[in-house]
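Beneath this line is the structure, given in structure tokens, with notes to follow.
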Amino acid sequence: LSPAATPPQAFLPCLSWGWALVSGGGNAVMPTLARAWGCSLQLLRANFPPNESGDDDESLLLPAFGVHDEFEAPAPVVALEWLGNRSLVYLTVTNEFTVIDTVMMTLLERLDFSCERLVYA
């Protein structure tokens, strides 16, 4: 294979559940799934449908998920986690550690660990 024909690397998705404050949500924390696949990061809100059948316990109501916000990381994401109800942190394949405010969707902190020898456990 020539260098131009090299297939792209595949990266596993990362998921993290959290009770989060998000833009447009007021002061209510909502169940939010942060999802990263490659360089793409998404915040998905869980919406629970109303119980229209009148049964309290007998029918299983599954949540529906909708993309609330999304953004691109500078490199593929290898880990992500909620730090609090408005802070999401992710680590990229280039060992950049980034903290995002999920209400304002702004960068809070970026640390470069590329010169360090990290051990993944």
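Of note:
- Ranked order, 82, 37 - accessible area, probe 1.4 Å, largest first: 37, 82
- For residue 114, the solvent-accessible surface with a 1.4 Å probe is about 60 Å², rounded to the nearest 10.
- In this label model, residue 17 and residue 101 are separated by 2.8 nm, measuring between points 7 Å along each Cα→Cβ vector.
- Contour excess over end-to-end distance, with Cα ends at residue 10 and residue 109 and 0.36 nm allotted per residue: 32.9 nm
The values are calculated or read from the model by the stated rules, or taken from the named source; none is laboratory data. This structure is a prediction, so every number in the text was calculated from the model and none was measured. Methodologically, a virtual Cβ is constructed for each residue, glycine included, from the backbone with ideal geometry; neighbour enumeration extends over all protein chains shown. With ligands, DNA and RNA removed, areas are computed over all heavy atoms of the protein, side chains included. Shrake-Rupley method; radii C 1.70, N 1.55, O 1.52, S 1.80 Å.
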